[in-house]
Amino acid sequence: MSTPVLKKHYLEKVVPALKEKLGCTNPHQVPTLEKIVVTTCMGSAPDRKVAVDDAVIEIAKITGQKPSITYSKKAVANFKLRAGEPLGARVTLRGERMWDFLLRFIHITSPNIRDFRGISSKSFDGMGNYALGFADQSVFPEIELDQIKRQIGFDIIFVTSAKTDEAGRALLAELGMPFRDLKKGPEGSDGDKAEEAAA
């Protein structure tokens with residue numbers, strides 16, 4: 001099995017760049033991407049169960065992996081929600097699927113955002129992990145616009161092994177995350193290969 005394009009770029013280009021930038025003395029100190037979590041909550045939908053089923057289908061299309069259903073832990077009277085009811089869906093991507101998803105996200109999904117000028121580099125959690133929200137699924141190329149039944153918002157969480165936001169930001173920037181103020185990533189032939197693989 002061949003190594004995913006973006007993982008190859010990480011090993012060959014990102015690791016040496018981060019060793020220098022972050023002052024790492026050995027490769028094991030260099031932060032890496034551990035997983036990507038795609039999640040949605042349909043708690044406010046009047047037809048919640050059907051909405052969760054729709055969300056499961058959409059996340060599966062976007063990620064290529066069947067998500068698990070999340071359930072409410074407690075009752076919420078305002079939403080007429082009982083404990084244990086289906087509430088949303090989430091999927092955790094690791095390994096090859098994670099790298100392939102990130103490649104498509106950088107080269108296809110992000111530029112698909114209307115009036116795209118890059119994404120904020122500030123949405124880190126203090127421990128090197130980055131979260132990004134989408135109001136609906138229409139920006140994902142895997143979704144056919146005429147097949148959308150309802151607007152479904154998503155959160156995407158990029159979980160890294162970085163200990164600080166600075167290290168996590170440097171990692172994602174070197175991988176090609178289109179931050180507005182920090183643009184880095186595959187260039188030249190590597191960038192061309194990445195774009196071809198994402199197409």
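The values are calculated or read from the model by the stated rules, or taken from the named source; none is laboratory data. What you see is a predicted model, and the numbers here were worked out from it, not measured in a lab. All Cβ positions, glycine included, derive from the backbone under ideal geometry; neighbour counts span all protein chains shown.
For segment 16-60, the tally of residues that are of a type in the set (Gly, Ala, Ser) and within 21 Å of Ile143 (Cα to Cα) stands at 4. Among what's in segment 156-173 and is crowded, with 16+ Cβ neighbours inside 10 Å and either of a type in the set (Ser, Thr, Tyr) or on the phi > 0 side of the Ramachandran plot (or both), pick the residue that is nearest to the chain's Cα centre (by Cα). That would be Thr160. Can Leu182 be described as modelled with pLDDT of 50 or more, buried (at least 21 other Cβ atoms within 10 Å of the Cβ), more than 13 Å from Asn129 (Cα to Cα) and of a type in the set (A, V, I, L, M, F, W, C)? So Leu182 fails the test.
Residues in segment 81-106 that are aliphatic (A, V, I, L, M) and more than 16 Å from Lys8 (Cβ to Cβ): Leu81, Ala83, Leu87, Ala89, Val91, Leu93.
Within segment 44-62, residues that are under 12 Å from Val91 (Cα atoms) sit with their Cβ atoms under 8 Å from residues that are outside any helix (DSSP H, G or I) and among the acidic types (Asp, Glu), at 6+ positions apart or across chains, in these pairs: Lys61/Glu142; Ile62/Glu142. Entry remark, segment 138-158: residues being out of contact with any Ser or Thr (no Cβ under 9 Å at 6 or more places or on another chain) and either of a type in the set (A, V, I, L, M, F, W, C) or assigned to a helix (DSSP H, G or I) (or both) number 5 in total. Note on segment 108-120: residues that are surrounded by 12 or more Cβ atoms within 10 Å (Cβ to Cβ), out of contact with any Pro (no Cβ under 9 Å at 6 or more places or on another chain) and closer than 24 Å to Glu166 by Cα total 0.
Name the residues in segment 18-28 that are surrounded by 13 or more Cβ atoms within 10 Å (Cβ to Cβ) and either among the charged types (D, E, K, R) or under 22 Å from Glu96 (Cα atoms) (or both), would you?
Leu18, Lys19, Lys21, listed by residue number.
Out of Gly128, Gly153, one residue alone is of a type in the set (Gly, Ala, Ser) and surrounded by 20 or more Cβ atoms within 10 Å (Cβ to Cβ). It is Gly128. Within segment 126-146, which residues are more than 15 Å from the chain's Cα centre (by Cα) and under 21 Å from Glu34 (Cβ atoms)? Within segment 126-146, Gly126, Met127 qualify.
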